[in-house]
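See below for the structure under consideration.
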Amino acid sequence: MKNTQGHSLDFLFHPNSVALVGITTANPLHWTRTFLDALIESEFARPLYLVNPKGGEIKGHRVHTSLRDIPGNIDHVIGLVNAHIAPRLVEECTEKGVRAIHFCTAGFGETGDPERIKLESELVEAGRRTGIRIIGPNCMGIYCPESRLSFSPAFPMEGGPVGFISQSGGNSVYLVRQAMLRGVRFSKVVSYGNACDIDENDLLEYMAADPETRIICLYIEGIKDGRRFRKALEKATREKTVILLKGGTTEGGARAVAGHTAALAGSRSTWEALCKQLGIISVRSLDEMIDVLVTLLFMPLPGGRNAVLFGIGGGASVLIADEFESRGLRVPALPEEVVSELQEFTPAAGNILRNPVDYSQSMMDAESTRRAFEIVSRWTGTDFVVTFVRTGQFVLPWLSGARLHMLLGRFWIDRDRLPKPMAMVLEPSLLPQEAEAILTAINECVSSGLPVYYSFAAAANAINLVLSNAQTRPGAV
């Protein structure tokens, strides 16, 4: 029987105190220490308690030998104990007024072992009997910048409009860390694992009503109540943009799901149909989800599908045009009057003034580049402009930071002066000598408020997905 105490889950994200129960005292590199490091790094300002029967001290924090040793009540417990101890910990928490326990611990129903499945049932029963809400088990828990609650010391503490509900802990870490490099920030992130109590329906209903969350991302492996889930999705999509990644839609993926969170998978066609009906943006990878987030957050919605592609390289121009048009975006030829205006100050040799615009030979001339860029962006035949630089195509042994900055500096245009939305494709090479310069360039693009993509295909795909979603759900974001 599911624990249904209260509807709002706000207390999960804003605890008055936290206790880490089962943190190791012997090994400073043990995985349980990550949670302490995360809370210290995020400057969690509420009372923080550590519990281990051996006692002692870790990083200036006293280690209590039991929950009973802690004075007063505790609001939120992060359970790092062995799976067999977990049900007993729930019972002990009742004496301290605990409202929620997040069990990072694995080794329950996801193993498929009958005894472990029974152990998870005992955990559910303990939660039902005590009224304590349970997150997990087998998950990373909660990240909420506003309350400084975090499960990774690498996460940023600036908040944002994106909520992420993830059945996988690793996927939640990956999305936050990779998206933050491109300027995306989060309101709340939840890794909920086996969902023995709090599940995707509870969390989706909460985020749909959360005023801090404007975009909801979902990574789902399986659902417990399909009818309730559809109803929650319908409500969420009326208020917010929803992006969904369904794991386990192939035979091999379904086997992996069964061993990961013991969830029930479903066919890709079923989920695609659901997304289409409800106006949900369906993606097939976490990287694709990030690309869509970048588009939604940093690229004003274009008025149509006509693009001007402006960058460096004849071959690159061909490939980026193919990527855009193959996804239903259009790359119309520049009219003669626009070409003539560009020719007034652009040498014919080494530049192709059609669309894509290959401005290779004039790229070193900052003023000409800016002038050309503003001319094509004013053209009434285009709805948005995409610039592209492929760092691996230059004949130099490696691209220096100064040279890369000089190239990209041609695009540091005051976007308020541009009449059309703009995006940047920076295809990075993997040369170690260029890594620092490329990362700096990406950061500069992000600081300028540009949506940044790492490939021609990624940019074309994300812009198409957002435009297609807007056609079915106008004004969603």
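Once you place label points 7 Å from the Cα toward the Cβ at H30 and R284, how far apart are they in nm?
Going by the 7 Å Cα→Cβ label model, 4.3 nm.
I'd like the FRET efficiency for L439 and T380, computed as 1/(1 + (r/R0)^6) with the beta carbon distance as r and R0 of 35 Å, rounded to 0.05. Each step should come with its number before you reach the end.
Details: r = 37 Å, r/R0 = 1.06.
With R0 = 35 Å, the Cβ-Cβ based efficiency is 0.40.
Along the charge dipole of the chain, Cβ charges K/R +1 and D/E -1, which of S267, C93, V466 sits furthest on the positive end?
The Cα lying farthest towards the positive end belongs to C93.
Which value does Rg/Rh take for the range 120-160 over its C-alpha atoms, Rh per Kirkwood? Could the numbers behind the result be given before it?
Details: Rg = 14.1 Å, Rh = 12.2 Å.
The Rg/Rh ratio comes out at 1.15.
Antiparallel DSSP bridges in the range 141-298: what percent, to the nearest 5?
Working: 4 of 24 bridges.
Among the beta bridges of the range 141-298, antiparallel pairing accounts for roughly 15 percent.
What are the lysines whose alpha-carbon lies under 21 Å from the alpha-carbon of K235, with same-chain residues fewer than 8 places away excluded?
Counting by Cα, and skipping residues close in sequence, K235 has these lysines nearby: K188, K224, K246, K276.
Apply 1/(1 + (r/R0)^6) to the Cβ-Cβ distance of S269 and R62, taking R0 = 45 Å, and write down the FRET efficiency to the nearest 0.05. Intermediate results must be reported in sequence, preceding the final value.
On the way: r = 56 Å, r/R0 = 1.24.
Calculated value: 0.20.
Ratio of the range 141-298's C-alpha Rg to 2.2 N^0.38 Å, to two decimals?
Numbers: Rg = 14.4 Å, N = 158, 2.2 N^0.38 = 15.1 Å.
Rg over 2.2 N^0.38 Å, computed on Cα atoms: 0.96.
Computed over the Cα atoms of the chain, what is the convex hull's projected area averaged over all directions, in nm²?
Its Cα hull, projected and averaged over all orientations, spans 24.3 nm².
Which whole-number percent gives the relative contact order of the chain, counting Cα pairs below 8 Å spaced six or more residues apart? Kindly include the intermediate steps, with their values, before the conclusion.
Working: 936 pairs, mean separation 53.0, N = 477.
Dividing the mean separation by the residue count of the chain yields 11 percent.
Any read-out appearing in this document is the output of simple, stated calculations on the displayed coordinates, not a laboratory observation. The structure presented is a predicted model; accordingly, all values stated were derived computationally and were not measured. No Cβ is skipped: glycine too gets one built from the backbone with ideal geometry, and neighbour counts run over all protein chains shown.
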